[in-house]
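Please read the structure below before turning to the comments.
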Amino acid sequence: MTEADLYILYKGVYVPKAVHTPESLKYYEEFTFRPDDVIIVTYPKSGTTWMQEILPLTISGGDPSSVETLPNWDRVPWLEETRASNLNLEERPSPRMLTTHLHYSMMPPSFFQVKPKVIYVMRNPKDVFTSSYHYYNITSFLVKPGPKSEFLQKFLDGKVIFGSWFDHVKGWLNAEEKQHIMYISYEEMIKQDLNDSVSRIARFLGINLNPEVIKKIADKCLFENMKNNPMSNYSVVPQEFMDQTKCQFLRKGVVGDWKNLLTPEEAKHFDAVFKEKMKDVKYKFAWD
Ligand SMILES: Nc1ncnc2c1ncn2[C@@H]1O[C@H](COP(=O)(O)OS(=O)(=O)O)[C@@H](OP(=O)(O)O)[C@H]1O
């Protein structure tokens, strides 16, 4: 199956047809935000699911009931996906928790008027590539990656779902609503104590949490614990859509796994493309 079979081209980027329809994209375009909405924004494979665990626990002051009973896509739904319009998001009490993989330039008009809060999660693009390479292999609604060199070229050219990593990150780093956006990276969450990230997130949201609750949240969100949470490990998705017997959705959860996939030449080429495409970006990335 090719891109033409499995994807829609939406505003210049591919999105998978299986979970995005013209109706779901229209719902997204017409969505009315509230100032106290909190939106997780990510390029795919950057730590979305992880933040979909951290955020509800933080907002609820450590209450695990939503992460134990609701799958992550209902708990913190992707606005652009078909499921969102069936969740009665208009009726949900504030603060609503939402997710999107879309670029800054693709946000609906209400976003720019209302300026809700955003948590933008970034990850080393070589690890995003590596995670994507394995993920595309197990999902029937994505085009199989094929030979690694071809998938690498597609990734660097933005011919994968949600387009170019470089454009996504640049767009969100250049956003005008900076005081409403918290930037955090997968590497900070892994390398530093996760307690620090949880308390940063709580502070950004104006939530007071005592150290015990912060620790409880951080423990719950450890890779091994999330791997055992059926509401977060995608085990409820039928095998025909996602074949986790080949590779698990919560696969390795480490920093630097690209070293096991990319040859030194491929990594050098990747770095050269990164340098060129990101040359105007002043942000100091945590993986540098
Ligand atoms: N708790 C925790 N700790 C460390 N790493 C974690 C955690 N939860 C998810 N992950 C890893 O995040 C990768 C999946 O990214 P996303 O959730 O953004 O994927 S998706 O866009 O929603 O499909 C994927 O990375 P890889 O293991 O490198 O493939 C997941 O394993």
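The values are calculated or read from the model by the stated rules, or taken from the named source; none is laboratory data. All values derive from a computational prediction rather than experimental measurement. For neighbour counting, all protein chains shown are included, and Cβ atoms are generated from backbone atoms with ideal geometry for every residue, glycine included. Heads up: the accessible areas ignore ligands, DNA and RNA and are worked out on the full protein's heavy atoms, side chains in. Shrake-Rupley method; radii C 1.70, N 1.55, O 1.52, S 1.80 Å.
Do we find a residue being of a type in the set (Asp, Glu), under 16 Å from the mean Cα position of the chain (by Cα) and open to solvent by 10 Å² or more (accessible area, probe 1.4 Å) anywhere in region 87-108?
Here is the first cut: in region 87-108, the ones of a type in the set (Asp, Glu) are 90-91.
Subsequent filtering for residues that are under 16 Å from the mean Cα position of the chain (by Cα) retains none.
No, region 87-108 contains no residue that is of a type in the set (Asp, Glu), under 16 Å from the mean Cα position of the chain (by Cα) and open to solvent by 10 Å² or more (accessible area, probe 1.4 Å).
Just one of Tyr283, Tyr234 is touching a helix residue (DSSP H, G or I) at 6+ places or on another chain (Cβ under 7 Å) and aromatic (Phe, Trp, Tyr); which is it? Full working, then the answer.
Values: Tyr234 fails: touching a helix residue (DSSP H, G or I) at 6+ places or on another chain (Cβ under 7 Å).
Answer to the check: Tyr283.
From the residues in region 34-69 that are farther than 23 Å from Ser235 by Cβ and surrounded by 21 or more Cβ atoms within 10 Å (Cβ to Cβ), which one is nearest to the ligand (Cβ to nearest atom)?
Per the criteria, the residue is Tyr43.
Do we find a residue being more than 23 Å from Ala18 (Cβ to Cβ), more than 15 Å from the ligand (Cβ to nearest atom) and over 19 Å from the mean Cα position of the chain (by Cα) anywhere in region 188-199? Steps first, answer last, please.
Residues of region 188-199 that are more than 23 Å from Ala18 (Cβ to Cβ), as a first pass: 188-199.
Now restrict to residues that are more than 15 Å from the ligand (Cβ to nearest atom): 199.
With the extra rule that they be over 19 Å from the mean Cα position of the chain (by Cα), the set shrinks to 199.
So far as region 188-199 goes, yes, one or more of its residues are more than 23 Å from Ala18 (Cβ to Cβ), more than 15 Å from the ligand (Cβ to nearest atom) and over 19 Å from the mean Cα position of the chain (by Cα).
Report, by residue number, each residue of region 146-163 that is in contact (Cβ under 8 Å) with a residue 12 or more places away in the chain and not in a helix (DSSP H, G or I).
Narrowing region 146-163 to residues in contact (Cβ under 8 Å) with a residue 12 or more places away in the chain: 148-149, 151-152, 155-156, 158-163.
Scanning region 146-163 gives Gly158, Lys159, Val160, Ile161, Phe162, Gly163.
Is there any pair with a first residue in region 208-228 that is in contact (Cβ under 8 Å) with a residue 60 or more places away in the chain and on the phi < 0 side of the Ramachandran plot and a second that is within 11 Å of the ligand (Cβ to nearest atom) and assigned to a loop (DSSP other than H, G, I, E, B) whose Cβ atoms are under 7 Å apart and which are 6 or more apart or on different chains, and what are they?
Listed pairs, sorted by first residue: Met226/Ser232; Met226/Asn233; Met226/Leu250.
Does Glu81 satisfy being within 28 Å of Ser140 (Cβ to Cβ) and buried (at least 20 other Cβ atoms within 10 Å of the Cβ)?
Details: within 28 Å of Ser140 (Cβ to Cβ): yes; buried (at least 20 other Cβ atoms within 10 Å of the Cβ): yes.
Criteria met by Glu81.
Evaluate the following for Thr2: is it away from the ligand (no atom under 14 Å from the Cβ) and loosely packed, with under 13 Cβ neighbours inside 10 Å? Working first, answer last.
Details: away from the ligand (no atom under 14 Å from the Cβ): yes; loosely packed, with under 13 Cβ neighbours inside 10 Å: yes.
Against the criterion (away from the ligand (no atom under 14 Å from the Cβ) and loosely packed, with under 13 Cβ neighbours inside 10 Å), Thr2 qualifies.
Is there any pair with a first residue in region 71-94 that is of a type in the set (Gly, Ala, Ser) and a second that is crowded, with 20+ Cβ neighbours inside 10 Å whose Cβ atoms are under 6 Å apart and which are 6 or more apart or on different chains, and what are they?
Matching pairs, first to second residue: Ala84/Pro77.
Here is a check on your reading of the model: is Phe129 surrounded by 19 or more Cβ atoms within 10 Å (Cβ to Cβ), under 20 Å from Ala272 (Cα atoms) and in contact (Cβ under 8 Å) with a residue 12 or more places away in the chain? Don't jump to the end; show me each part of the working.
On the way: surrounded by 19 or more Cβ atoms within 10 Å (Cβ to Cβ): yes; under 20 Å from Ala272 (Cα atoms): yes; in contact (Cβ under 8 Å) with a residue 12 or more places away in the chain: yes.
Considered against the rule, which asks whether it is surrounded by 19 or more Cβ atoms within 10 Å (Cβ to Cβ), under 20 Å from Ala272 (Cα atoms) and in contact (Cβ under 8 Å) with a residue 12 or more places away in the chain, Phe129 comes out as yes.
Which of the residues that make up region 110-138 are closer than 21 Å to Val254 by Cβ and in a strand (DSSP E or B)? Spell out how you get there, then give the answer.
Initial filter on region 110-138 (closer than 21 Å to Val254 by Cβ): 121-138.
Matches in region 110-138: Val121, Met122.
Restricting to region 244-263, and then to whatever is among the β-branched types (Val, Ile, Thr) and more than 8 Å from the ligand (Cβ to nearest atom), can you tell me which residue is nearest to the chain's Cα centre (by Cα)? Can you show your working first?
To start, the set of residues in region 244-263 that are among the β-branched types (Val, Ile, Thr) comprises 245, 254-255, 263.
Within this subset, residues satisfying the condition of being more than 8 Å from the ligand (Cβ to nearest atom) are 245, 255, 263.
Working: Thr245: 23, Val255: 16, Thr263: 26 Å.
My answer is Val255.
When you scan region 9-33, how many residues do you find that are open to solvent by less than 50 Å² (accessible area, probe 1.4 Å) and away from the ligand (no atom under 16 Å from the Cβ)? Spell out how you get there, then give the answer.
Here is the first cut: in region 9-33, the ones open to solvent by less than 50 Å² (accessible area, probe 1.4 Å) are 10, 13, 15-16, 19-21, 24-25, 27-28, 31, 33.
Right, trim to away from the ligand (no atom under 16 Å from the Cβ) and you get 10, 21, 24-25, 27-28, 31, 33.
Matching residues across region 9-33 total 8.
All but one of (1) free of Cβ contacts under 8 Å to residues at least 24 places away in the same chain; (2) out of contact with any Leu (no Cβ under 8 Å at 6 or more places or on another chain) hold for Asp63, so report the exception by its number.
Unmet for Asp63, out of (1) free of Cβ contacts under 8 Å to residues at least 24 places away in the same chain; (2) out of contact with any Leu (no Cβ under 8 Å at 6 or more places or on another chain): (2).
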